[in-house]
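Student: Below are the structure tokens for one structure; questions will follow.
The values are calculated or read from the model by the stated rules, or taken from the named source; none is laboratory data. Please read these numbers as outputs of a predicted model, since none were measured by experiment. A quick note on method: Cβ atoms are made from the backbone with ideal geometry, for glycine too, and the neighbour counts reach across all protein chains shown.
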């Protein structure tokens with residue numbers, strides 16, 4: 001009986017968690033790179049801006065191996081020291097104290113992959129050129145299959161904009177400094193406090209119902 005009760009409660013918790021997750025909308029535009037990335041400067045809200053340092057580096061749309069849809073991002077560095085390439089997009093209208101979750105799927109066809117994948121959130125303020133702060137660089141390692149990574153951080157005081165950045169770099173002086181990475185289905189979500197509160201209240205109610213039935 002206890003096993004059945006635990007299973008029932010676990011199912012309810014999973015259902016509530018899925019509902020809470022679905023209630024958080026993706027705030028990024030062109031999340032699966034179906035539209036072209038650009039390299040033409042501001043504004044950076046509503047589209048991906050590509051950047052490169054080095055003639056052998058690039059970040060472009062590709063139809064080679066999408067995870068979903070027809071396209072994905074193809075980021076690559078071709079045997080070049082001290083190169084840097086990637087994309088970024090700004091999300092405005094945030095409030096200090098909110099938690100932002102930056103996620104994406106990536107994979108590589110290069111073995112060995114001799115470069116560093118680097119992603120972060122840069123916190124900014126509309127109308128100000130300088131950053132407020134940034135997260136430490138997260139260095140997820142892609143495999144031959146699409147895998148998902150996520151980075152969570154709270155919006156700091158003085159910021160109202162998140163600049164999400166995905167990049168490749170070869171500043172470490174590796175033997176070949178070479179590789180290609182595919183990126184798809186990128187998201188930036190801010191879980192709604194009301195949804196999280198409802199989740200907690202409903203969970204407490206469910207536990208109370210089970211206890212009353214046992215009594």
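Student: From 129, 154, 136, which residue is at pLDDT below 95 and either touching a helix residue (DSSP H, G or I) at 6+ places or on another chain (Cβ under 6 Å) or surrounded by fewer than 16 Cβ atoms within 10 Å (Cβ to Cβ) (or both)?
Tutor: It is 129.
Student: Would you check if residue 172 is at pLDDT below 95, over 22 Å from residue 78 (Cβ atoms) and exposed (fewer than 13 other Cβ atoms within 10 Å of the Cβ)?
Tutor: Taking the combined requirement at face value, the residue does not satisfy it.
Student: Further, regarding this structure: Out of 109, 99, 63, which single residue is modelled with pLDDT of 95 or more and under 20 Å from the mean Cα position of the chain (by Cα)?
Tutor: Exactly one of 109, 99, 63 is modelled with pLDDT of 95 or more and under 20 Å from the mean Cα position of the chain (by Cα), namely 99.
Student: Could you please let me know if residue 191 is at pLDDT below 95, out of contact with any strand residue (DSSP E or B) (no Cβ under 9 Å at 6 or more places or on another chain) and assigned to a loop (DSSP other than H, G, I, E, B)?
Tutor: No, not satisfied.
Student: Being modelled with pLDDT of 95 or more and either outside the structural domain of residue 98 (by TED's automatic domain parsing) or in a strand (DSSP E or B) (or both): is that true of residue 33 here?
Tutor: no
Student: Which condition number in (1) farther than 24 Å from residue 29 by Cα; (2) surrounded by 17 or more Cβ atoms within 10 Å (Cβ to Cβ) is the one that residue 161 fails?
Tutor: With respect to (1) farther than 24 Å from residue 29 by Cα; (2) surrounded by 17 or more Cβ atoms within 10 Å (Cβ to Cβ), residue 161 is out only on (1).
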